[in-house]
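Below is one structure, written out as structure tokens; comments come after it.
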Amino acid sequence: MTDGLLTVSEVYSLTLRNDRAELARMAPWIDDVIARLGVAAGTAHALHLCLEEAVVNVVDYAFEPDTSHDVHIALWRDDAAMHAEVVDDGRPFDPLSYSLPGAPNDLKSAEIGGLGIKLMRSYAARVDYQRSGKTNRLVLSFPAE
Amino acid sequence: MKMAVEPVGPGVVKVILDGRLDVAGSGIIDLQFSAIAGSHRGVVVDLAGVSFLASIGIRTLLLGAKAVQRRGGSFILLNPVEEVERVLEVMGMTDLMPVFHDADTALAAAAAQA
């Protein structure tokens, strides 16, 4: 490695429509990219988990009902980290601003909502969100090795 | 995603899940799973075949556990793989749904409440 310069891999991308049925295409694609990029098993699991949560969230909540949109997903790595990006043109939503449900005390009071965002924020080493124009850009990062 | 149901005693049932509990997997089992949880007082969910658990799957389990508990019953998770158990722990679910790694003990605990 050259001092101060990161080696960055090719960027792999997948576009899904905002339809839950489209999500079936994502897991095999992630596995395929991971096999090419070579990441640790724990990171592979965290990546599957966080992308599932991030993309389901966009598909379920970002758009007006009965409108068709694309959700763009990209994966790449550098020497230190694996990165996953989710880009959509839905309503602004910053998962970092969402207040997480606390640890549930008992079954009766345990909340059903907010679980996905809590998982994503627990499993990603870093979460960056940016709204520019009409676009949401979420970047999740994980240790590569 | 596959789901098999084994009656093990009066009001007690073992539910065997196999596959990924993600959006697609939960969508397949949700209705049947909630019907089972809504009609038994002892439910043991065998998770050994579940390779992946996302929030949508936690929701399925949590709603089932709530339904069983409302009627004073017992909802128990059996043999999750390491990554799945870790997800349950991170989300605080292991405090709400006991996790067992021995089938006989799990079934005995579920039967005790039924």
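If you wrap the Cα atoms of the range A:24-110 in a convex hull and average its projected area over all directions, you get 8.2 nm². Across the options B:48, B:15, B:35, the greatest Cα extent toward the positive end of the charge dipole of chain B (unit charges at beta carbon of Lys, Arg, Asp, Glu) belongs to B:35.
Helical runs assigned H by DSSP (4 residues or longer) give chain A a calculated mean residue ellipticity at 222 nm of -9500 deg cm²/dmol, each run adding -39500 (n - 2.57) before division by the residue total.
Given R0 = 22 Å, the distance between the Cβ atoms of residue A:108 and residue B:89 translates into a calculated FRET efficiency of 0.60.
The calculated FRET efficiency for residue A:100 paired with residue A:79, based on their beta-carbon distance and R0 = 35 Å, is about 0.65.
Taking the C-alpha atoms only, the angle from helix B:103-113 to the longest principal axis of chain B is near 50 degrees. Taking every full run of DSSP H in chain A, the ones that stretch at least 20 Å from end to end by Cα along their long axis and average -1.0 or higher on the Kyte-Doolittle scale are A:41-61. A viscosity of 1.567 mPa s and a temperature of 4 °C, combined with the Kirkwood radius over C-alpha pairs in the Stokes-Einstein formula, give chain B a diffusion coefficient of 96 µm²/s.
Shown here are the Rg and Dmax of the Cα trace of the protein assembly as shown, at 19.6, 69 Å.
Among beta bridges identified by DSSP and lying wholly in the protein assembly as shown, the antiparallel ones come to about 70 percent. The longest stretch of chain A left intact once loop-based trypsin sites (Lys or Arg not before Pro) with at most 10 other Cβ atoms within 10 Å are removed from consideration, loops following DSSP, is A:1-107.
Shown here: chain A, whose C-alpha atoms stretch 53, 39, 29 Å along the first, second and third principal axes, sorted largest to smallest. For the range A:1-68, report the convex hull volume of the alpha-carbon atoms normalised per residue, in Å³, without decimals. Output value, Cα hull per residue: 118 Å³. Among A:119, A:107, A:49, which one shows the highest mean-square fluctuation when chain A is modelled as a Gaussian network with alpha-carbon springs under 10 Å? Comparing A:119, A:107, A:49 in the GNM, the peak value goes to A:107.
Taking the Cα centre of chain B as reference, the dipole from Cβ charges on Lys and Arg (+1) and Asp and Glu (-1) amounts to some 520 debye.
Determine which residues of the range B:11-41 fall in the zone a paramagnetic label at residue B:5 would reach in this model, i.e. backbone nitrogen under 17 Å from the point 7 Å along Cα→Cβ. Under cut-off, by backbone N: B:11-18, B:26-41. The reciprocal of the average 1/r between distinct C-alpha atoms defines the Kirkwood hydrodynamic radius, which for the range B:1-65 equals 11.6 Å. Using only side-chain charges placed at the Cβ, +1 for Lys and Arg and -1 for Asp and Glu, the dipole size of the protein assembly as shown relative to its Cα centre rounds to 840 debye.
We did not get these values from a lab; they are worked out from the coordinates using the rules stated. Being a predicted model, the structure only gives us computed values, none of them experimental. Using ideal geometry, Cβ is built from the backbone for each residue, glycine included, and neighbour counts are taken over all protein chains shown.
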